[in-house]
Amino acid sequence: MTASREEMACQICLSPLNTLGTPPTYIHPIRLTTDGHEPIPVPVSGLDTVDRTCDFCGDPYPVWTLHGGEVAAVAVGPAGGVVQNFGDRWAACATCHTHIDDGKNDKVVDRAVRTLGVGDQPQARERIAQLHQGFLSARLPERTLITTTAWPTTTITARDLPKVRDRLAHLYRGPDSLPAPFTATDERHQIADGLNRAHLFWIDKDFTELAEHAADILPEVTITRDLMPSTDGLIVWARPVTSRQITAATWTARHDSWKVINYRASGGGLDGKPLQRLREDVGWLAPMNAARVDEPHLLPGDHPAAALVATWLLIRQQAADVTTAEADKGIRKTYARANRPMPVVRIVRIRAHSTTRAGTRPASGDSGLSHTNRFWVSGHWRNQPHGPGRTLRRAVYINPFLRGPDDAPIKLSTTVRMLGSRRPEVGDQE
C-alpha cells in the first residue's frame, strides 16, 4: 500500500489488506489462509487489535513498521500482467528487526524460506531475497511501534512496576514514532511527565477478577477527581482484563482534564537478543487507545476505560486492602545511582470479608417477602445517594450475598462468582 493511502484491514478477520491493480482493489495477503470471505476494508486506526504478520517472515507478532523502498510484484499470465503493491511500509517482528539492524539480511530470508516451506526451491529463495532487497535498499531510519499486536500473556509483577514505568516514560520521550493518537511530541512529553509523578498500583489476582466482573456490568459513572486514588497513576492488573485484554492503564492530569490510556503487554514468547532489544527500546507495555476525561464527565459503562474506572470505584469504596511491595535489589541500586527516591508500589487486594452473617444481609429492593430457600444474589452496582441533601449518586459495587432465612436450604441452581481475600503470595511480588 502506498504511503499516501490510509492502511486498511479486513473487518472480519482483522488482517491488514494489500491492494491490487489500478484503481486499487483490497485483497487479503497471498499467504493468508481464510475461510473464503471477501475482505471488508476498515481503517486500521480504528482497531485495537490487528491480526498482522511480519512482512519479512510471516511471524504473527510484529513489533515495528519500517519505512523503505516501494515494492511491487508483477504477475504475468495469458490475460496480461497484474501488479500487486506491497508498499513502502513493512511490518517487522522482533527477530527480523534484530537481524536487519545487525546487517544479517540473509538470516531474514532464511526465516521467510522456512515459513513458506520453499527451502528446496532456489529460485523461490532468490525471489524472496529480491523483494527484501528492494525494500531494504531504500530503508529510512524512521520506525513506528506497532501497538495492535495481540501478544501472548506476559507476567508483570509488583516489583517490576518501577522499571516498567521508567521504560514506558522513555518510550514516550524517545525518537521512535507512535501511531495516532500518540503522535504529538508535546503530548507525549506530558504523558511521560505524568508517569514520573504517577502512583504505582499492582492489582492482585482476586481483585483483578472482581474488577473485571464489575467492569462488565458497570453503569454510567460521573468521573470526578475524588474518584481517583491519585492525581496521576499507573495500574497493572495481574492478568489482562475484559474482552479488550487490557494489561495496564495510566491517567495523566492536565489543567482541566485527564488523559486516560489503556495498554497491552508486549514481548510474550520472545527470548534471547530480540527480547532484550524489545525491553530496551519499548519496555513491557504498548499503548492501545486513549481518551480525554473532563471533570465532571459522564462515562458510559461500555467505555474502553471501564476496567480502570471500576477499579477506582472499588478502591474508593474501601473494598481493597492496600499494602506495599519491596523494591527489587537491582531497581534500588539504579535509583540510588541516579539519586532518585524509591517509588512506592501499592499492592491492591480484596479486603477481608465482614464477620456479619450473609443470610441476615438485606438486598436492595427487598420487599420483606418470606423465602423457602436461600439463594445467591450476584455482585452488582447500586447508585448510592451522597452529597448535599443526598441529591448526588455514586456507583457502589455490592458483593455477592445470600438472601433468605438462615435455616433455609440454599438453592443450587444459581451460579455466583465468589472471590477470596488472600494475602499476596510471595511470587506475586518477585
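Where a number appears in this text, it was derived from the coordinates with a stated rule and is not lab data. None of these values were measured; they are calculated from a predicted model. Counting neighbours? That spans all protein chains shown, and the Cβs are built from the backbone with ideal geometry, glycine included.
For this structure, a couple of remarks:
- Inter-centroid distance (Cα atoms) of the range 121-139 relative to the range 237-255, Å: 41 Å
- Cβ-based net charge around residue 14, under 12 Å, with every Lys or Arg adding one and every Asp or Glu removing one: -1
- For the range 158-351, the antiparallel share of DSSP beta bridges with both residues in that region comes to about 75%.
- Of the peptides 157-168, 220-231, 119-130, 304-315, the order by per-residue mean of other Cβ atoms within 10 Å, starting with the highest, comes out as 304-315, 157-168, 220-231, 119-130.
- Over the range 8-145: Rg over Rh, Cα atoms, Kirkwood Rh: 0.95
- Residue order for 99, 380, 189, fewest other beta carbons within 10 angstrom first, comes to 189, 380, 99.
- Residues 242, 149, 185 in ascending order of nearby Cβ atoms (within 10 Å, fewest first): 185, 242, 149.
- Order of 140, 210 under a 10 Å beta carbon neighbour criterion, fewest first: 140, 210
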